[in-house]
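Taking it in order: structure first as structure tokens, then the write-up.
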Amino acid sequence: MGKTISWDTGLEVAADGRGLVGHAGLVLPRKMADIAGLTAGLANAFRAGRADKLDRGVVVGAAAVAIVGGATNFSQVGSLLAHHRDTFGITGSDTTVWRTLEEMSEARVSLRVARARARARKKVWAMLAARAQGFPTVTVAGKPLTGWVLVDVDATIVEAHSEKEGAAGHFKGGYGHHPLLVWCSNTGENLRVLLRNGNAGSDTAADHVLVLDDAFAQLPDTGGYSRVLVRIDGAGASHETVNHLLALSTTRRKVAFTIGWTITKTDEDAIAALPDTAWESYLDQDGTIRGKKLPGGGFDQYGHVAELTGLNGRISKNGWPAGLRLIARRVPITARDQAAGKLTAREKSVGWKYAITATNISARGLAQVPGAGHAQFLDAVHRQHANVEDRVRTGKSLGLGHLPSKLLAVNQAWLDTAAIGTDLDAWTRLLGLADHDDLTRAEPATMRARIYSAPARLARHARKTWLRFEATLRDSTIIATAWTTLTGLAQAT
């Protein structure tokens, strides 16, 4: 018989510890909220009420941080915040959080919360611009889009497993909600999330107009942020959306866009009429041509891009604005395309799947970006929009994928709070952990495991309160250094 191994080490367990703090690393995003002026701004967004009433700004900010830490409902928010009574301040119970979000769902309060977020964002962006690395720049096909802020719009599905207001059957066959989200690709911030019924369309123009206006209200329009590139996929081009995008340009701000275009038979006929010489190489995101070397020599290109502007007559005949360009793309049909059953007869016959991007970017391109007006590059710009799916996925891990209430208005307030949390997480990474690439790009689960969930002990010495992390902890020095960095930012502003 094998030897039995016993775990009996004489361990005893008692519930009499003092000064212990779980999820202690969450003091970093909580500190970030204060540095950005967000805590004070949120407090001003709520009506004063009784003198003994809890500071609602502290409650919302702390709830946002708790969601970043992994809380997915009000009970978990309350339990996590209980660890931080001596670090975050008094935030009340889970019932207090629920009542605060109910108040936050009121239109006037929600508007003031949005304005508080915009003021905090303006302050944080100034801090980012002052870094040695400067404000984050997006690179497409090997070209940095210097001086441009990229805004990505995307819809997603949040499933409902119980009766919730607004839940309905959606286009994927499930049951839940269909929120529309707007992200800043440069920083990873969530600019707007609109909770919608499950049967809402992916290309609903009125919803796109609403979220675009709200997202642009979040963007500083001074300094180096006067050029914005908006990307919308899913064949979202409609007259109302395109005209609204064009109207967003002002004397203080230039707005460019790329947007998905619904292909009609007229478009397919125009594509069929293109000569082979019109098709150019399909670029990868590193700027190289996608393809493979052939055994006997030569190179087999993966796909191609061509200018379709003016060849199908749809723009001039159907009232589309002058200057709108259409960029066609063809790529090999995949097994997934065939399984989806959405291929046209022409696509099946030629073996190519087609897509068209509409844009207002002229042949002169984007300011400060050489060659940005070329069809190949514009196609790569729009395809990079697919990265927003990763942003949506990680955003769901940071609370945007959970709707803990039966009430639609409270769930919208929860998503607004979670969006604040995604901002605080992004700001903490960019400003406090900028020297650690593995953490600035880490998954939410990694950040929780290494930073946010780290335990510590609260001690008082020399008239100061100390949060002491275990010296042998892998990332204790990183956490302490990030705290010092953030504290320095607070003192400098």
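Quotient of the Cα radius of gyration of segment 398-493 and 2.2 N^0.38 Å, N being its number of residues: 1.31. Maximal additional length on extending the ARG99-ASP213 stretch stands at 38.2 nm, based on 0.36 nm per residue less the C-alpha distance. Segment 344-405 and segment 181-227 have their alpha-carbon centroids 16 Å apart.
DSSP loop (so not H, G, I, E, B), at most 16 other Cβ within 10 Å: list which trypsin sites (Lys or Arg not before Pro) in segment 162-206 pass both filters.
Details: sites: LYS164, LYS172, ARG192, ARG196; in loops: LYS164, LYS172, ARG196.
Passing sites in segment 162-206 are LYS172.
What separates the Cα centres of segment 80-124 and segment 144-178 is a distance of 23 Å. With Cα atoms defining each centre, segment 279-326 and segment 458-493 are spaced 53 Å apart in the structure. Using a probe of 1.4 Å on the protein chains alone, the accessible area found for THR87 is around 50 Å². In the chain, taking the dipole from charged Cβ atoms about the Cα centre, the farthest positive-side position among HIS178, ALA215, GLY260 is held by ALA215. Its residues counted as N, the chain yields a C-alpha radius of gyration over 2.2 N^0.38 Å of 1.10. Subtracting the Cα-Cα distance of GLU159 and LYS172 from their residue separation scaled by 0.36 nm leaves 3.6 nm. On the basis of the beta-carbon distance and an R0 of 22 Å, SER453 and ASN73 show a calculated FRET efficiency of 0.75.
Are any of the pairs LYS172/LYS406; LYS265/LYS348; LYS293/LYS348 more than 20 Å apart by Cα-Cα distance, and if so, which? Table pairs above 20 Å Cα-Cα are LYS172/LYS406; LYS293/LYS348.
How high is the relative contact order of segment 29-125, in percent, counting Cα pairs under 8 Å that sit 6 or more residues apart? Mind dumping the intermediate values first?
Numbers: 98 pairs, mean separation 34.9, N = 97.
Over segment 29-125, the number comes to 36 percent.
Using Cα pairs under 8 angstrom and six or more residues apart, how large is the relative contact order of segment 73-141, in percent? Mind showing how you got there, number by number?
Numbers: 24 pairs, mean separation 12.8, N = 69.
About 19 percent, as a whole number.
Approximating the spin labels as points 7 Å out from Cα along Cα→Cβ, the ARG47-to-ARG460 distance works out to 3.8 nm.
To the nearest 10, the accessible area of ARG393 is 110 Å² with a 1.4 Å probe.
Remark on ARG227: its backbone amide H falls under 5 Å from those of VAL149, LYS254, a criterion applied only to residues 5 or more positions apart or on other chains, H modelled at 1.01 Å from N.
Structural descriptor for the chain: relative contact order 19 percent, calculated from alpha carbon pairs under 8 angstrom and at least 6 residues apart.
In this model, which of LYS396/LYS464; LYS31/LYS464; LYS122/LYS464; LYS254/LYS292; LYS53/LYS396 are farther than 28 Å apart at the alpha-carbon? From LYS396/LYS464; LYS31/LYS464; LYS122/LYS464; LYS254/LYS292; LYS53/LYS396, over 28 Å: LYS396/LYS464; LYS122/LYS464; LYS254/LYS292; LYS53/LYS396.
State whether segment 161-228 is rounded, prolate or oblate according to the following rule on the C-alpha gyration tensor (a ≥ b ≥ c being the square roots of its eigenvalues): a/c under 1.5 gives rounded; otherwise a/b larger than b/c gives prolate, and the remaining case gives oblate.
On the way: a/c = 3.09, a/b = 2.57, b/c = 1.20.
In terms of gyration-tensor shape, prolate.
Applying 1/(1 + (r/R0)^6) with R0 = 60 Å to the Cβ-Cβ distance of ALA278 and THR484, what FRET efficiency is obtained, to the nearest 0.05? With R0 = 60 Å, the Cβ-Cβ based efficiency is 0.55. A simple charge model with +1 on the Cβ of Lys and Arg, -1 on the Cβ of Asp and Glu and nothing else charged puts the dipole of the chain at about 960 debye relative to its Cα centre. In this rough spin-label picture, where each label sits 7 Å from Cα along the Cβ direction, the ARG346-ALA129 distance is 4.7 nm. Could you calculate the FRET efficiency of ARG252 with ALA322 from 1/(1 + (r/R0)^6), where r is the beta carbon distance between them and R0 is 35 Å, rounded to 0.05? Once rounded, the FRET efficiency stands at 0.90. Remark on segment 14-117: hydrodynamic radius 14.1 angstrom, per the Kirkwood mean of 1/r across alpha carbon pairs. The label point for ASP8 and the one for ASP221, both projected 7 Å from the Cα toward the Cβ, are 7.5 nm apart.
Calculate how many DSSP beta bridges within the chain are antiparallel, expressed in % of all such bridges and rounded to the nearest 5. The antiparallel fraction comes to roughly 80 percent.
Mind checking Rg over Rh on segment 214-292, alpha carbons, Kirkwood formula for Rh? Using Cα coordinates only, the ratio equals 1.09.
Please label the shape of segment 101-184 as rounded, prolate or oblate, based on the square roots a ≥ b ≥ c of the eigenvalues of the alpha-carbon gyration tensor (a/c under 1.5 means rounded; beyond that, a/b larger than b/c means prolate, else oblate). Walk me through the intermediate numbers first.
Values: a/c = 4.00, a/b = 1.52, b/c = 2.62.
Note, shape of segment 101-184 comes out oblate.
I need the helices of the chain that pass two filters: whole DSSP H segments spanning 20 Å or more by Cα along the axis, and mean Kyte-Doolittle score no lower than -1.0. Spell out each step's value before the answer.
Numbers: long enough: 107-130 (35 Å, 0.00); 408-427 (28 Å, 0.40); 476-492 (24 Å, 0.86).
Span-like helices, by this rule, are 107-130, 408-427, 476-492.
Extension gain, ASN199-ASP390: 0.36 nm per intervening residue step, less the Cα-Cα distance, totals 66.4 nm.
Using a/c under 1.5 as the rounded threshold, could you call segment 297-387 rounded, prolate or oblate? The axes a ≥ b ≥ c are square roots of the C-alpha gyration tensor eigenvalues, and prolate needs a/b larger than b/c, oblate otherwise.
Values: a/c = 2.08, a/b = 1.35, b/c = 1.54.
Judged from the Cα gyration tensor, segment 297-387 comes out oblate (a/c at least 1.5, b/c at or above a/b).
Given only helices, namely DSSP H runs of n ≥ 4 each adding -39500 (n - 2.57), what is the per-residue ellipticity at 222 nm of the chain, to the nearest 500 deg cm²/dmol? Intermediate values should be presented prior to the final figure.
Details: 18 runs with 182 residues, N = 493.
Mean residue ellipticity at 222 nm (helix-derived): -11000 deg cm²/dmol.
The values are calculated or read from the model by the stated rules, or taken from the named source; none is laboratory data. As the structure is a prediction and not an experimental result, all values here were calculated from the model. All Cβ positions, even for glycine, are placed from backbone atoms using ideal geometry, and neighbour counts span all protein chains on display. We work out accessible area using only protein heavy atoms, side chains counted, and drop any ligands, DNA or RNA first. Shrake-Rupley method; radii C 1.70, N 1.55, O 1.52, S 1.80 Å.
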